[in-house]
Amino acid sequence: MATQSTGLHIVVVGAGAAGMMAAAVAARSGARVTLLEKNTKTGVKILMSGGTRCNITHDTDSKGITEAFGHAKRFLQPSIGKFGPSDVIAMFHELGVQTKREETGKIFPVSNRAVDVRDALHRSMLDAGVRLELRCSVQNILPPSDSSPQWRVSFDQNGHADEILCDRVIVTSGGRSWPGCGTTGDGYDWLRALGHTIVATRPALVPLVGGTDATHALSGLTLPDINVSVFTPDHRSGKKPKIQRRSSWLFTHFGFSGPAAMDVSGVMTACNRIQDSDMRLDLIPEVGEAQLREILGLRSGEAGKRSIANILQQWLPSRLALAICEESNPANANRKLAELPNKDANLLIENLKRWHLPVNGTRGFAKAEVTAGGVQLNEVDPRTMQSRLAEGLFIAGEILDVDGWIGGYNFQAAFSTGRAAGLAASQTDND
Ligand SMILES: Cc1cc2nc3c(=O)[nH]c(=O)nc-3n(C[C@H](O)[C@H](O)[C@H](O)COP(=O)(O)OP(=O)(O)OC[C@H]3O[C@@H](n4cnc5c(N)ncnc54)[C@H](O)[C@@H]3O)c2cc1C
């Protein structure tokens with residue numbers, strides 16, 4: 001059945017996950033939609049995401065998704081509540097992309113091809129009637145005025161400056177991470193000029209720079225299950241860490257990477273000085289401290305004849321087992337358990353359960369999977385994504401002050417907020 005045209009013309013800026021979703025939904029709801037994208041193709045971040053496999057969402061419910069977004073949890077509840085992970089999966093199935101759940105709960109296309117996800121979204125919006133303009137770099141967005149009752153979006157296309165008039169604008173131009181993808185934070189200036197507050201942006205889901213000679217020597221080593229805790233200066237008074245994540249970990253030549261390190265990075269970049277945050281690693285979360293104390297306390301008989309490194313190797317790769325022995329005392333690398341001084345046993349336990357790892361920076365926006373900070377959330381209606389400051393202006397996706405954990409959470413937020421914006425922007429007063 002053909003959708004009745006609403007007569008509204010909507011311009012969407014940015015053809016990422018949020019923008020393509022918003023454009024398709026708005027067009028299907030009867031609006032005339034023009035999507036402007038500065039790149040030569042749509043969905044550049046989708047194509048590179050998840051190691052080019054695209055982790056589209058996570059196997060949890062809407063509540064499980066919003067839990068991953070810290071302060072933005074309440075803001076995201078209405079849009080993700082209306083369009084949660086099962087809806088995203090159903091949408092892709094309908095678009096011909098079968099999905100699978102991996103052990104970690106991440107949802108990927110069965111094909112393991114991010115391009116299939118991008119192509120499905122791209123086709124879906126073109127089929128809905130969206131007019132797509134590529135190589136079209138938006139320069140400014142001006143609100144309706146007495147002389148012009150419509151929104152004016154000025155852009156540069158192939159070196160040619162022009163502008164387009166419309167009834168409503170949806171800004172989905174993303175953050176400023178991985179700027180080579182086209183995400184250079186352009187939208188912040190337009191929205192600031194329209195009265196919005198931009199919460200200071202900082203890299204999140206970003207590898208951490210730091211470590212010691214011992215950790216650098218472990219470069220390339222992945223630990224599938226560790227528990228990392230971060231205490232920040234504003235949070236040190238309590239015994240509880242500001243953030244704790246249990247997941248996999250990667251030692252690198254510059255510091256630390258992998259899901260757990262990246263998940264805690266956003267909290268660390270929020271510190272005035274990242275060096276003041278205190279990061280501790282529990283290398284064997286499945287072994288309690290009391291149990292560990294008991295095992296290392298068995299110094300007599302056969303147990304005492306085992307080498308310390310050998311005991312640690314039941315839980316840790318040999319390189320790391322040796323490094324941890326040496327951290328407590330270089331002599332311990334060759335010692336038997338019976339020879340372990342009590343003081344060193346305590347240090348060993350400390351390093352196994354609370355290894356303090358220095359961090360002095362991050363790899364920055366160049367290697368950050370998302371941008372923390374952005375359009376202040378109390379200035380946007382969480383049900384419609386309409387600006388509370390400018391009627392007819394809608395804002396969705398990563399340009400908002402939202403950033404979630406690794407695992408498909410960020411695409412889920414982009415799809416849900418994009419959909420909410422597309423639906424609301426295409427409504428007329430008569431709807
Ligand atoms: C390496 C990497 C891997 C990732 N993997 C995953 C993953 O597997 N799962 C997950 O959930 N998240 C992942 N993310 C995060 C995810 O890509 C983002 O959260 C998501 O793309 C945000 O969607 P968006 O539509 O808001 O913005 P974007 O996807 O960034 O899209 C914004 C679009 O706006 C365009 N644009 C910007 N300025 C202008 C302008 N002036 N004029 C016209 N167009 C403009 C940009 O070119 C871009 O196409 C990954 C990110 C990176 C960098």
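Readers should treat all values here as calculations from the given coordinates under stated rules, not as data from a laboratory. Keep in mind it's a predicted model, so treat the numbers as computed, not measured. All Cβ positions, even for glycine, are placed from backbone atoms using ideal geometry, and neighbour counts span all protein chains on display.
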Averaging sequence separations of C-alpha pairs under 8 Å and six or more residues apart, then dividing by the length of the chain, give the relative contact order as a whole percent. 23 percent
Taking H as built 1.01 Å from N, whose amide H comes closer than 5 Å to the amide H of VAL380, not counting residues under 5 places away? ARG388
Helix 17-28 axis, angle to the chain major axis (alpha carbon atoms, nearest 10°): 30 degrees
What is the distance in Å between the Cα centroid of the stretch 276-355 and that of the stretch 117-147? 58 Å
Projected onto the charge dipole of the stretch 113-214 (+1 at Lys/Arg Cβ, -1 at Asp/Glu Cβ, origin at the Cα centre), which of PRO203, TRP178, ASN140 gives the Cα projection farthest towards the positive end? PRO203
Here the residues of the stretch 327-351 lying in the modelled label zone of ARG293, meaning backbone nitrogen under 15 Å from a point 7 Å along Cα-to-Cβ, are 342-351
Per-residue ellipticity at 222 nm attributable to helices in the chain (runs of n ≥ 4 DSSP H, -39500 (n - 2.57) apiece, nearest 500 deg cm²/dmol) works out to -9500 deg cm²/dmol
What is the sum of charges around ASN140, taking Lys and Arg as +1, Asp and Glu as -1, for the other residues whose C-beta is under 10 Å from the C-beta of ASN140? -2
Between helix 73-82 and the chain: long-axis angle, C-alpha atoms, 0 to 90°, nearest 10: 60 degrees
Angle check, please: helix 318-328 long axis (alpha carbons) against the longest principal axis of the chain (alpha carbons), in degrees 0 to 90, nearest 10. 70 degrees
Would you mind finding the longest exposed-site-free stretch of the chain, with exposed trypsin sites (Lys or Arg not before Pro) meaning DSSP loop and at most 11 other Cβ atoms within 10 Å? 1-238
GLU94 and ASN360 label points (each 7 Å along its Cα→Cβ direction) are spaced in nm at 5.3 nm
Report the label-to-label distance for SER86 and LYS63 in nanometres (one decimal), using points 7 Å from each Cα along the Cα→Cβ vector. 1.4 nm
Through the Karplus equation 6.51 cos²θ - 1.76 cosθ + 1.60, θ set to phi - 60°, convert the phi angles of the stretch 118-131 into ³J(HN,Hα) values in whole Hz; use x for Gly and Pro. 4, 4, 5, 5, 4, 4, 4, 6, 5, 4, 6, x, 5, 8
Simple Cβ-charge dipole of the chain, Lys/Arg +1 and Asp/Glu -1, about Cα centre, in debye nearest 20: 840 debye
Which value in nm describes the separation of the simple spin-label points at ARG383 and TRP315, placed 7 Å from the Cα toward the beta carbon? 5.1 nm
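If R0 is 45 Å, what FRET efficiency do you get for LYS343 and GLU103 from their C-beta distance, rounded to 0.05?
0.65
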Kindly work out what percent of the DSSP beta bridges joining two residues of the chain are antiparallel, to the nearest 5. 75 percent
Pull out a ≥ b ≥ c, the square roots of the eigenvalues of the alpha-carbon gyration tensor of the chain, then state rounded if a/c is under 1.5, prolate if not and a/b is larger than b/c, and oblate in the remaining case. prolate
Within the chain, what's the longest run with no GluC sites (Glu not before Pro) in a DSSP loop and at most 14 other beta-carbon atoms within 10 Å? Give the range, please. 104-285
Diffing the stretch 207-222: the Karplus 3J(HN,Hα) column from phi (6.51, -1.76, 1.60, θ = phi - 60°), in whole Hz with x for Gly and Pro, holds x, 9, 9, x, x, 10, 4, 5, 6, 5, 5, 8, 3, x, 7, 10
Under a Cβ-Cβ cut-off of 14 Å, what is the net charge of the residues other than PRO382 that fall near it, where Lys and Arg count +1 and Asp and Glu count -1? +3
Collect residues whose amide H, placed 1.01 Å from N in the peptide plane, falls under 5 Å from the amide H of GLY174; neighbours closer than 5 in sequence don't count. GLU398, ILE399
Long-range HN-HN contacts of GLY258 with modeled amide H, under 5 Å: LEU250
Each residue of the stretch 257-268 in order: what ³J(HN,Hα) in whole Hz does its phi give by Karplus 6.51 cos²θ - 1.76 cosθ + 1.60, θ = phi - 60°, with x for Gly and Pro? 9, x, x, 5, 4, 6, 4, 8, 4, x, 5, 6
